[in-house]
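Here the structure comes first, spelled out in structure tokens, and everything after it is commentary.
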Amino acid sequence: MKHRVIDSPVGPLTLVVDDAGALAALYTAGQKHLPDATGLGVRDDTIAADAVAQLGEYFAGTRSAFELDLAPQGTDFQRRVWALLSGIPAGETRTYGQLAAQLGTPTASRAVGGAIGRNPLSIVVPCHRVIGASGALTGYAGGVERKRWLLDHERR
């Protein structure tokens, strides 16, 4: 594993790649479930050039979806939930209950929320596009203000 830190409009982002160069994680500053420094590997500011370029395009408003080789680590259930997140178009939102229903387990909205909270690919796998049933911006591991900023950015 190797990592690099880049600046962004939502603060520093830490990108982690596996030994094959696939993006394994993207963390925001202060994010919940952030691994300790040893879990990030050595710092190498030359890695993940494609991810850095695509994030730049996303923040510039010229990219709404990412085309990257991803290697998130998680359970089968978590990976199924994360796959659903990638299908939510930019500027749109879904509720935890809607995602649970898509999985065929309509009563599993809390489990879906738990899987979303463990999403290691913040922004690239857009967990910020999931909201509470009431429409409230709830449960974002990167902070509600960051979630609001990302949703507003995508709606512009």
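Restricting the range 56-87 to residues that are part of a helix (DSSP H, G or I) and of a type in the set (S, T, N, Q) leaves a set whose member that is most open to solvent (accessible area, probe 1.4 Å) is Ser86.
Taking the options Ala25, Ala37, Ala49, Ala53, name whichever one is open to solvent by less than 20 Å² (accessible area, probe 1.4 Å) and out of contact with any Cys (no Cβ under 7 Å at 6 or more places or on another chain).
Checking each option against the conditions leaves just Ala25.
Checked against the criterion of being in a helix (DSSP H, G or I) and either under 14 Å from the mean Cα position of the chain (by Cα) or modelled with pLDDT of 95 or more (or both), the candidates Ala90, Ala53 yield just one match: Ala53. When every residue of the range 116-123 is checked against the conditions, at least one turns out to be in contact with a helix residue (DSSP H, G or I) (Cβ under 7 Å, 6 or more places away or on another chain), open to solvent by 40 Å² or more (accessible area, probe 1.4 Å) and not aliphatic (A, V, I, L, M). Every condition in (1) within 24 Å of Leu151 (Cβ to Cβ); (2) open to solvent by 30 Å² or more (accessible area, probe 1.4 Å); (3) touching an Asp or Glu at 6+ places or on another chain (Cβ under 9 Å); (4) touching a residue at least 24 places away in the same chain (Cβ under 8 Å) is met by Gly91 except one, and the failing one is (2). Picking from residues in the range 131-149 that are of a type outside the set (Ser, Thr, Tyr) and under 11 Å from the mean Cα position of the chain (by Cα), the one that is surrounded by the most Cβ atoms within 10 Å (Cβ to Cβ) is Gly142.
For the range 76-88, a residue qualifies if it is touching a helix residue (DSSP H, G or I) at 6+ places or on another chain (Cβ under 8 Å) and touching a residue at least 40 places away in the same chain (Cβ under 8 Å), and the qualifying residues are Gln78, Trp82, Leu85, Ile88.
The values are calculated or read from the model by the stated rules, or taken from the named source; none is laboratory data. Since the model is a prediction, treat every value here as computed from it, not as a measurement. When we count neighbours, we look across all protein chains shown, and the Cβ atoms used for this are built from the backbone with ideal geometry, even at glycine. These accessible areas exclude ligands, DNA and RNA; they are computed on the full protein's heavy atoms, side chains included. Shrake-Rupley method; radii C 1.70, N 1.55, O 1.52, S 1.80 Å.
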